[in-house]
Amino acid sequence: MNLITFAKLFSGSPFKPLLQHRERILDALLHLNQQVHSLNSGQSHNAPSSGWIKAFSGQLEKLEHETLQRLHQPSITSQPKDVVINTLQIQNAIAHEICRLSERLGYRPLNLPPELIVPVNAMARQFGQTVYQLRQGINELEQLSTSGYRKKHKSSLNRLRKQLTLCTDEVRETSQEIRHLACQFEHHIAPVDVALLFLILDGISDLALWMRSLIVNLQN
């Protein structure tokens, strides 16, 4: 039985708050994506991060508590605790990376040389494509799970995993290119901008890997 159906049939199931937890994360990725696209616009310090981050963290804590509470309650059905806990841990890791990256993007606008503008913009587009693939893919999987087409569900998971792998590899490759260029032009960049840029690159790369891990977890 898929998670969507399980959550609908059993009101006390931990899967309902777990899925709501995931939905909040997918929504937060849209906010974060806007910040990433403002990275090179000189408006990054104006990106509205604090409001949604505060609400986001509180909502997730509540849903995490509800998920674990339901997981340990007596139930007439067998509760796949390992599946719930593993998924929750991955989703929490993604949420942590979202908050940390959003904070870094909101510190101050970066003053970068023209040579870095093209690769930074390319990485922003690639990150946006990764977010899009994840959101669209999970929506598609939920629809297939509800309809019960198991063979098509497995095929879609394989396709989604491959697409996210390509997107993640592109993000990481462009991140490495930006790092090399930043080192070449370090005399034209303030040290604080170099440090902040590298922290942001680390956050984007790590988040992309965690998004891919979520799909691998769903596939298993």
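For region 126-146, the tally of residues that are without any contact (Cβ under 8 Å) to a residue 24 or more places away in the chain, open to solvent by 70 Å² or more (accessible area, probe 1.4 Å) and not aromatic (Phe, Trp, Tyr) stands at 2.
For region 152-201, residues that are among the aliphatic types (A, V, I, L, M), under 16 Å from ALA124 (Cα atoms) and open to solvent by 50 Å² or more (accessible area, probe 1.4 Å) total 2.
Yes/no matrix, rows are residues, columns are (1) part of a helix (DSSP H, G or I); (2) over 26 Å from ALA195 (Cβ atoms); (3) under 22 Å from the mean Cα position of the chain (by Cα):
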position	(1), (2), (3)
ILE53	yes, no, yes
SER57	yes, no, yes
GLU64	yes, yes, yes
ARG70	yes, yes, no
ALA93	yes, no, yes
GLU115	yes, no, no
VAL120	yes, no, yes
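Does GLN79 count as in a loop (DSSP other than H, G, I, E, B), at pLDDT below 95 and touching a Pro at 6+ places or on another chain (Cβ under 9 Å)? Yes. Please go through region 100-113 and give me each residue that is out of contact with any Gly (no Cβ under 8 Å at 6 or more places or on another chain), in a helix (DSSP H, G or I) and either within 12 Å of HIS21 (Cβ to Cβ) or open to solvent by 20 Å² or more (accessible area, probe 1.4 Å) (or both), ordered by number. GLU103, the sole residue that qualifies. What are the residue pairs meeting all of these: first residue in region 156-185, first residue assigned to a helix (DSSP H, G or I), second residue among the aromatic types (Phe, Trp, Tyr) and surrounded by fewer than 21 Cβ atoms within 10 Å (Cβ to Cβ), Cβ atoms under 8 Å, and 6 or more apart or on different chains? Filtered contacts from region 156-185: ARG179/PHE198; ALA182/PHE198. For SER156, the criteria (1) at pLDDT below 95; (2) hydroxyl-bearing (Ser, Thr, Tyr); (3) more than 30 Å from LEU18 (Cα to Cα) hold in every case but one, which is (3).
The values are calculated or read from the model by the stated rules, or taken from the named source; none is laboratory data. Everything numeric here is computed off the predicted structure, so don't read it as measured data. Using ideal geometry, Cβ is built from the backbone for each residue, glycine included, and neighbour counts are taken over all protein chains shown. Areas reflect the complete protein model, heavy atoms only, side chains present, ligands, DNA and RNA absent. Shrake-Rupley method; radii C 1.70, N 1.55, O 1.52, S 1.80 Å.
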